[in-house]
Amino acid sequence: MSAISSALSGRPYRRRTEAMRVIFSILFLLPALCAAQATIHVGSKRFTESYILGEIVTATVASAGEAQAVHRQGMGNTAIVFAALRAGVIDVYPEYTGTIAFELLRKRAAASLEDLNRELAPLGLGAAVRLGFNNTYALAMREARAAELGIGAVSDLKRVPELRIGLSQEFLNRRDGWPAMARAYGLAASPLGLDHGLAYEASASGQVDLIDVYSTDAKLAKYQLRVLTDDLGFFPKYDAVLLYRLDLPRRAPRTWEALIGLEGRISSRQMIAMNAEAELAGVPFSRVAEGFLSGSAARHLAAPGEGRTFISTLVGADFWRLTGQHLLLVFASLGLSIVAGVPLGIWAARSPRVSGWILGSVGMLQTIPSLALLAFLITLMDTIGTVPAIIALFLYALLPIVRSTSSGLADIAQPLRESAQALGLPGGARLRLIELPLAARSILAGIKTSAVINVGTATIAAFVGAGGYGERIVAGLAVNDNMMLLAGAVPAALMAIAMQLGFDVLDRWLIPAGLRHDARAGA
Amino acid sequence: MIRLEGACKTYRGSVALAPTTLTFAARQTSVLIGPSGCGKSTLLRLIVGLVTPDAGGVWVGGEELHKDNVERLRHGIGYVIQDGGLFPHLTAGENVALLARYLGRSRAWIEERMSRLVDLMRIPARLLERFPRELSGGQRQRVSLMRALMLDPPILLLDEPLGALDPVTRYELQDELKRVFAELAKTVVLVTHDMNEAAHFGDHIVLLRSGRVVQAGSFGEFLSHPAEDYVRDFIRAQRAAVPAAN
Ligand SMILES: Nc1ncnc2c1ncn2[C@@H]1O[C@H](COP(=O)(O)OP(=O)(O)OP(=O)(O)O)[C@@H](O)[C@H]1O
Ligand SMILES: [Mg+2]
């Protein structure tokens, strides 16, 4: 549901490489391999509804008593969860028929479930169990404003071309989004791109009149929005279904039967209520699911953030895992950029002719937006997760290190350089014994800059399933949970500060005493 | 011992050293003298291979200097640049021992050699534990000389080794160096601006002007048979500046 998802869905999933399977296995399967009992892995995407449906499916699997049920919560966006399903890392996840048709199978028109299954079968996948609601795009307007203008259906919009329309970038840009809709309905307005998370507030404060929503959005009720009737039937169906590996019914027949029991069980109204419970009342996803399965969806409506303090979120069960992942991302990429950056910096300092090229290209890498770079690397390497994230961080960390190395070396005074040469030390020894130590302060400063920047940038890695503190930030953004967001942002900031302090200590070790400002006074 | 044959160097059209043919005899102290920018340092750099001549050649100990032998020949040359050129990240002692350590000399050899040099240069041994910036200018000059002498090279190239020193220290060091050079029987090429210093050290004086040798010979010859008016002018200017030294 982000820029990266559209970028990611740009590549066809016709080819499955062994590499992808291996990476997924390493990343996600290890814990499962240890379990003796058969395990069924349920996936979900990173937004409230998917989390809740994932929990419902997981609880249903568990209730069948045939296999252990593991929920890989909020693994990522569509492309990532789908890739995980194809690689066998998960067995089933909730998906929408429209997404399957347009994004995953890259069809141009909506298709029946039978048609979808015909194309999914060669991939070893199937779609079944319509859960009972349609979560499609819709346009919505404040109830009062809609009444004032007398607008009830999309066709009515033609009468009021001066409406201010704020649309999410995704809806604004996708083929089957606004451009096609404007054509179908003959609308001439020029909408404004708006972050989806801000759209409701912008609408409530009257800054825009019309926004795009999902038809089961939790906030539809809260903000008193009127969903306009799609009177020309423009929007395709996004019926919620289960997307699964075809071997699942064979592997776990009783479980599959239980899952089939979910068919038609969840209405749009129920889904909106559950989304509101989780998103607006702060009820944990698992308890929303539990409430639904025990037939009392509203029972758990509780005070926001009930039973959860900032501190308990901060040091939650995943704290050490996220810290470990974050450190891995930062230090693995930093290590690579030192190994590559210092020699590049030396080369740039040695030969002025290539220096412009080296610094220019390393600097250009810095200007690529991180999500775009990640999307590109994922397409290029055909894998998601830690590896492309580390490579992206590595590329970003290069510039400070290359630049500080080359300028540190270039700034060595000419007489010192000549003295070293005149002593009869060969080039390599001069570099090791004289030039690098003299440039140490500058090089370390570059490495420190890279390390601190990396701690921040590594939060982006969560978008591609590489974990780290970003996982909380992304989850917090996805479900509008500020506490969760802060529980990711605060430790990342603390880690950046710790990094800074750590390097200050390291400076004392690595910068030759004779070059330090605070070197001992006498002998 | 050291010979330049038509060696010259031009920087972007401006002549630093015109084609020059010169010999510096073995076990003798030669002095290069001349006004600022006349090419003295350039001449030393040619000898130590930091600058490659545009034309002509440089012979050191009978071998013509080129890429393949320059590092080996440098081990036989002690070179002290204008402001000492000590490495700030190493202590004075580490500066002195750097090359010997790199060449794998034993600890005992290095210690023994350093203590000889400490005596020779009359430097308190504890100063060797300090970093260059913790030393006075004169102390730094002595340490630079120690570093140049460490491997006991037959040749010493000293670019204004006594520049930037107060007159008293300078006077002292002049005497000491003259003693050291005589004691060790080195081939020395020393650069100075100062005719009195040149007369003090030099068996052989070379006066340069605008990259050209004006006269080469003993101080006596400079006085009795000046090659050009410029020689007389140069000497007179120096005498006027320091009348007491006469
Ligand atoms: N790397 C260089 N690039 C360009 N010009 C140079 C370079 N080195 C020396 N020169 C020029 O060559 C000439 C001779 O310089 P050199 O350093 O040999 O003078 P010097 O006799 O040692 O002067 P001083 O007594 O001031 O040290 C000067 O005019 C100087 O500007
Ligand atoms: Mg000079």
Determine the percent antiparallel among the DSSP beta bridges restricted to chain B, to the nearest 5.
50 percent
Could you work out how far apart the two model spin labels at residue B:5 and residue A:175 are, taking each label as a point 7 Å from the Cα in the direction of the beta carbon, and quote it in nm?
8.0 nm
List the lysines whose Cα lies under 27 Å from the Cα of residue A:237, skipping any in the same chain that are fewer than 8 positions away.
A:45, A:107, A:158, A:219, A:222
Lysines near residue B:67 by alpha-carbon distance under 18 Å, same-chain residues fewer than 8 away left out - which ones?
B:9
Can you tell me how the stretch A:80-138 classifies by the Cα gyration tensor, rounded, prolate or oblate, using a/c under 1.5 as the rounded cut?
prolate
Heavy atoms only, probe 1.4 Å: what % of the accessible area of the stretch A:120-185 goes to carbon and sulfur, would you let me know?
54 percent
Checked the stretch B:79-190 with the C-alpha gyration tensor, a ≥ b ≥ c its square-rooted eigenvalues, rounded below a/c of 1.5, otherwise prolate if a/b is larger than b/c and oblate if not; verdict oblate
Between residue A:331 and residue A:195, what length in nm is gained on full extension when 0.36 nm per residue of separation is reduced by their alpha carbon distance?
45.7 nm
Please compute the contact order of the stretch B:87-153 in relative form: average sequence separation of alpha-carbon pairs under 8 Å and at least six residues apart, divided by the residue count, as a percent.
51 percent
Of B:105, B:170, B:74, which is the most mobile in a GNM of chain B whose springs link Cα atoms less than 10 angstrom apart?
B:105
Among B:60, B:191, B:31, the residue with the largest mean-square fluctuation in a Gaussian network model of chain B built from Cα contacts under 10 Å is B:60
Env charge @ residue A:501, Cβ radius under 15 Å, K,R +1 / D,E -1, value 0
Length-normalised contact order of chain A in % [C-alpha pairs under 8 Å, at least 6 apart]:
16 percent
Heavy-atom accessible area of the stretch A:338-457 with neighbours in place, 1.4 angstrom probe: carbon+sulfur share in percent works out to 71 percent
Mean separation of Cα contacts under 8 Å, 6 or more apart, over the residue count of chain B: relative contact order %:
27 percent
Between residue A:315 and residue A:414, the FRET efficiency computed from the C-beta separation at R0 = 45 Å comes out, to the nearest 0.05, as 0.25
Under 28 Å between alpha carbons, and skipping anything fewer than 8 positions from residue B:178 in its own chain: which lysines qualify?
B:40, B:186
Using the alpha-carbon atoms, what tilt in degrees (0 to 90, nearest 10) does helix B:229-241 show relative to the longest principal axis of chain B?
50 degrees
The correct ranking of B:160, B:172 by accessible area at 1.4 Å, largest first, is B:172, B:160
Distances longer than 36 Å among the Cα atoms of chain A: what percent of all pairs is that?
42 percent
Suppose only helical runs count, i.e. DSSP H with n ≥ 4. What mean residue ellipticity at 222 nm does that imply for chain A under -39500 (n - 2.57) per run, divided by all residues and rounded to the nearest 500 deg cm²/dmol?
-16500 deg cm²/dmol
Theoretical FRET efficiency, 1/(1+(r/R0)^6), r = Cβ-Cβ of residue B:52 and residue A:432, R0 22 Å, to 0.05
0.30
If you fit an axis through the alpha-carbon atoms of helix B:167-184 and take the longest principal axis of the Cα set of chain B, what angle between them do you get, 0 to 90°, nearest 10?
80 degrees
Just to be sure I understand: with springs between alpha-carbon atoms less than 10 Å apart, which residue in B:75, B:204, B:66 has the highest mean-square fluctuation in the Gaussian network model of chain B?
B:66
What percent antiparallel are the DSSP beta bridges of the protein assembly as shown, to the nearest 5?
55 percent
How big is the B/A interface in buried accessible area, both sides summed, 1.4 Å probe, to the nearest 100 Å²?
2300 Å²
Quick one: which bits of the stretch B:32-51 get at least 40 Å² less accessible when the partner protein chains are in, versus the chain alone, with a 1.4 Å probe?
B:50
Kindly identify chain B as rounded, prolate or oblate by the Cα gyration tensor criterion: order the square roots of the eigenvalues as a ≥ b ≥ c, call it rounded if a/c is under 1.5, otherwise compare a/b with b/c, prolate if a/b is larger, else oblate.
oblate
Point-to-point label distance, residue B:193-residue A:265, nm (Cα→Cβ direction, 7 Å offset)
9.6 nm
Once label points are set 7 Å from the Cα along Cα→Cβ at both residue B:15 and residue A:498, what is their separation, rounded to one decimal in nm?
6.9 nm
As I understand it, the value is the acute angle between the Cα axis of helix B:137-149 and the longest principal axis of the Cα atoms of chain B; what does it come to in degrees, rounded to 10?
80 degrees
With a 1.4 angstrom probe the carbon and sulfur portion of accessible area for the stretch B:87-153, in percent, totals 46 percent
Give me a single rounded figure for A:421-433: the average over its residues of other chain Cβ atoms within 10 Å of their Cβ.
6
At R0 = 30 Å, FRET efficiency that the Cβ-Cβ distance of residue A:372 and residue A:351 yields, to 0.05:
0.40
With the other protein chains left in place, how much accessible area per residue, in square angstrom, belongs to chain A at a 1.4 angstrom probe?
42 Å²
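The values are calculated or read from the model by the stated rules, or taken from the named source; none is laboratory data. Note that this is a predicted model, so its numbers are computed, not measured. Using ideal geometry, Cβ is built from the backbone for each residue, glycine included, and neighbour counts are taken over all protein chains shown. Just so you know, the surface numbers come from the protein's heavy atoms only, side chains and all, with ligands and any DNA or RNA stripped out. Shrake-Rupley method; radii C 1.70, N 1.55, O 1.52, S 1.80 Å.
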